[in-house]
1. Between segment 54-77 and segment 90-105, how far is it from one alpha carbon centroid to the other, in angstrom?
2. Once label points are set 7 Å from the Cα along Cα→Cβ at both Q101 and D75, what is their separation, rounded to one decimal in nm?
Amino acid sequence: MHEKSTGTGERRRHVRHARLLDASWGGEPQDAGYFVRVLDISRGGVKLHLGAALEPGTLIAIKIYNDRGDAVAIDARVVHVREQDNGTWICGAAFISPLSQEDLDLLLMEGENEPPQGH
C-alpha cells in the first residue's frame, strides 16, 4: 500500500460519526469516473473511499447524500491519501469551513421507516 500525507499532525476537534453515505466530486454518484463513498464524517472533515488518487493539499468540492437522497455540498482540502490493495483509495479531507450542525444532522438522518405490517 502507498500513503501520502501532509504530515501536519493536526488533532481532531470534532466527533467523528462512522456512516456509509454516497457522495460525488466533479460529477454525480452514478458517473463511473467519480466513485466516492463516505466512511465517516464530522463537522470538521470526512473520510472518503475513492476510485482515484488525489494529492494531499488538493481542494475538492464534495456533494454528500443521506439515505433519503438529501444532499449537502461542501468544499474540502485533502489531508492524506492511502492506496488500498484493490486499487481504490482512502482519503481524509478537512472541510474549508466547518459543516453546520444542521447539515451534519441532515446527513446522519436515516430513511423513512415503514410502518409495521399486519397490526
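Laboratory data are not the source of any read-out in this text; all were calculated from the coordinates shown. Not measured: the values here are computed from a predicted model. With ideal geometry, Cβ positions are generated from the backbone for all residues, glycine too; neighbour counts draw on all protein chains shown.
1. 8
2. Result: 2.6 nm between the two label points.
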